[in-house]
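This report refers to the structure that appears directly beneath it.
The values are calculated or read from the model by the stated rules, or taken from the named source; none is laboratory data. The structure displayed is predicted, hence computed values, not measured ones. Cβ placement follows ideal geometry from the backbone for every residue including glycine, while neighbour counts extend to all protein chains displayed. Calculation scope for accessible area: heavy atoms of the full protein, side chains included, ligands and nucleic acids excluded. Shrake-Rupley method; radii C 1.70, N 1.55, O 1.52, S 1.80 Å.
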Amino acid sequence: EARAALMDRHRGHEDFTITTQTAMLDTFGKVINGITLAVSFIAGISLLVGAVGIFTMMWISVGERVSEIGLMMAVGATREQIQRIFLLEAVVISGLGGLCGLAGGLGLAKGLLERGITTVGVGRSVSTFEVPWEYAGPLALLGVLIALLGSVYPLARARNTDAVTALRGAD
């Protein structure tokens, strides 16, 4: 009936397209899946960059503190204790970084909502601000795991530092 009514209004020319709601929802779902995949890819790259950043920071930290490591060994610290110190440092740095990122995201969202920007995406209106806490916790743990993975080699470097060489300040 809709096609016939439109054909009548368009003087017999079918210069229109009729799309069902199901077809539109399927197309919308495909677009959302594509966007989700792209965002996931970007997040994966961000995690890799984060791991490289933690690796670099820990490598520099171990390199700059060689004489400190030697002094700790000279006063009786075990290699495991030294490794735990640097491991704790990596966890604290990544945890604080994650908290800063979460706080920044919350602040940005709150600022946008206070300025009356309530529309997110294509035609989707958001009236209240909601934090998906079911994602925030696991992502914070993932950040710490990435920090641990990124600091494995620098931690081994700190653990295997020769005490005499470290006291001289050379690695």
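Using a simple charge model, +1 on the beta-carbon of Lys and Arg, -1 on the beta-carbon of Asp and Glu, nothing else, what dipole does region 20-92 show about its Cα centre, in debye to the nearest 20?
I would put it at about 80 debye.
Considering region 25-65, what Rg and Dmax in Å follow from its alpha-carbon atoms?
Cα radius of gyration and Dmax of region 25-65 are 17.7, 59 Å respectively.
How big is the gap, in Å, between the Cα center of region 151-167 and the Cα center of region 26-77?
The distance from the Cα centre of region 151-167 to that of region 26-77 comes to 20 Å.
Out of Thr56, Ile35, Asn160, whose Cα points farthest toward the positive end of the dipole of the chain (charges: +1 Lys, Arg; -1 Asp, Glu; placed on Cβ)?
Of the listed residues, the answer is Asn160.
Calculate for the chain the 222 nm mean residue ellipticity that helices alone would give, adding -39,500 (n - 2.57) per DSSP H run of length 4 or more and normalising by residue count, nearest 500 deg cm²/dmol.
-25500 deg cm²/dmol
How many nm is it between the label spots at Glu14 and Arg84, if each spot is 7 Å from the Cα in line with the beta carbon?
7.7
For region 7-96, which whole percent of the accessible surface, found with a 1.4 angstrom probe, sits on carbon and sulfur atoms?
66
So what is the accessible area of the chain per residue, in Å², with the probe set to 1.4 Å?
Per-residue value: 72 Å².
Which ³J(HN,Hα) values, rounded to whole Hz and listed in residue order, are derived for region 16-26 from phi using the Karplus coefficients 6.51, -1.76 and 1.60 in 6.51 cos²θ - 1.76 cosθ + 1.60 with θ = phi - 60°, glycine and proline given as x?
9, 10, 9, 10, 7, 4, 5, 5, 5, 5, 5
With a 10 Å cut-off between alpha carbons and a GNM built on the chain, which of Ser67, Ser40, Ser94 moves the most?
Evaluated over the chain, the most mobile residue of the options is Ser40.
When a/c reaches 1.5 or more, the comparison of a/b and b/c decides; with that in mind, is the chain rounded, prolate or oblate per its Cα gyration tensor?
prolate
Label-point separation (nm) for Thr36 and Met24, each offset 7 Å from Cα along Cα-to-Cβ?
2.1
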